[in-house]
Amino acid sequence: MKEQQYSDEILNAYVDGELSADDNNAILNSMKSDKALLRRVRDLERVKSLVGTSFNEVPNSNYEKSIKGNKPSLSIAASVLLLLGVVSGWIGHDLLNKDETSTQIVVSEKKDTWNIVLHVNTNDKYIQKTILDETESLLESFKDSEKKAKVEIVAYGQGVFLFDKSKSKYQDRLESLKNNFTNLSYAVCGRTLKRIEQKQDRKINLIADMTISRSGIYQIIKRQKQGWNYIRI
Amino acid sequence: MFNKNKLSRFCVDNRNLLINIAYSWCHERTQAEDLVQDAIEKALKNISKLNDIKQLKAWFIKIMLNCWRDKLRKKHDLQNFDDLIVGEENYSHQNVNLYESSTPESLLSQQQTKLIVQTAISQLPVKHKTVLSLIDIYGVSYSEVSTILDIPIGTVMSRISRARNDLLQRLSVKEDEHKVIPLKK
């Protein structure tokens, strides 16, 4: 099948998850042999993702200034504080100290809480093992420390299979880690889940006590904006 | 009273999201906050008219959309605002390689990409921008967009398609810039 056989409306409906399973499968099959179609769909997916992530946060005053050239007003500053209050809670005290553009694995010694997010996007068992080893090592190092720590593993892409009960090579270890460390959490990309379930026509059973986020990348960026430190292994 | 509590909860839980959506429409932070505030006030006044609490999400965004339309009508003194462009006057065309932005690090480090995308969206006609924001930011289905905007689903499909095509052109994604990752079997 060629790209021209699918209208733009149908391809967008595919990207938005609005098609039936049969129609989805037909497009998936066509993409295997039609590179132009694949590229077209990927473009649409990326535009959709960019639109979502371009408005996933309320801009601060400097950000606004760079767009509009306006001087930051008191009302903007007050609104920032108000909004920070809404999303703060248990992570709030880190927010005002956050360097928003930093992805360095540098955590200030002065902070009382170290919040760390790691991601897994591969089904490679050796990489998955390394991530779990590092996670355990991090959590162990904080176990007897006065400092508090929170660690979250975010899975997307092929990494989702790490948490799939029927596929995971480390289910027992994941559950054991979760039982031993209450400050450990897992999150999985909802978009990837949906895509895999449609493609494989099966329901994925995740290990217990997981968060399903809108998207994996969104979850990581959200955590970074909340002051978490992102580590890519 | 039950619905009022649900509405309050909804507004608290979704305040950031609602402001982000409003921001994607008007591109001004304070105006976006005002828009959400106006919508909350109107929703609280009219909560008794909401028959099905399951429709709260769509009902609220419809109120917010009407608030924005009212503001546009006052500002631009026109009746049909669907084709209006409420964007940057000094917009300059800039390229974005979408595939460079595929990792969390680059997405975050390239704040400029966000600005370019936001600016490109600001150049879309209102009718395309609203559909795009409802689907890609608010995360509602075509059917819900159809209800919110009172348009047929076919129109939703054509508008989202044109909006994304327009964005692709504005962001100048060229074939030789693609780094297509093949689907894994």
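The values are calculated or read from the model by the stated rules, or taken from the named source; none is laboratory data. Keep in mind the model is a prediction, meaning the values are calculated, not measured. Methodologically, a virtual Cβ is constructed for each residue, glycine included, from the backbone with ideal geometry; neighbour enumeration extends over all protein chains shown. Accessible surface is based on the protein model in full, side chains and every heavy atom, while ligands, DNA and RNA are left aside. Shrake-Rupley method; radii C 1.70, N 1.55, O 1.52, S 1.80 Å.
Computed quantities for the displayed model
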| item | result |
| --- | --- |
| Total accessible area lost when B and A pair, probe 1.4 Å, Å² to nearest 100 | 5200 Å² |
| Inter-site label distance for A:Ser20 and A:Lys125 at 7 Å from Cα along Cβ, in nm | 4.0 nm |
| Per-residue ³J(HN,Hα) for segment B:42-51, Karplus 6.51 cos²θ - 1.76 cosθ + 1.60, θ = phi - 60°, Hz, x for Gly and Pro | 5, 5, 5, 5, 10, 4, 5, 7, 7, 7 |
| Under 20 Å between alpha carbons - lysine pairs in segment A:123-204 that sit 8 or more apart or on different chains | 24 |
| Of all accessible heavy-atom area on segment A:127-233, the percent that carbon and sulfur account for (1.4 Å) | 44 percent |
| Linear extension gain, A:Met210 paired with A:Lys148, 0.36 nm per residue minus alpha-carbon span | 20.2 nm |
| Paramagnetic reach from A:Arg173 in segment A:125-158 [backbone N under 12 Å; point 7 Å along Cα→Cβ] | A:125-137 |
| Solvent-accessible area per residue for segment A:175-227 (1.4 angstrom probe, square angstrom) | 48 Å² |
| ³J(HN,Hα) computed for each position of segment A:20-35 - Karplus, 6.51 cos²θ - 1.76 cosθ + 1.60, integer Hz, glycine/proline x | 6, 4, 5, 5, 4, 4, 4, 5, 4, 5, 5, 5, 5, 10, 10, 5 |
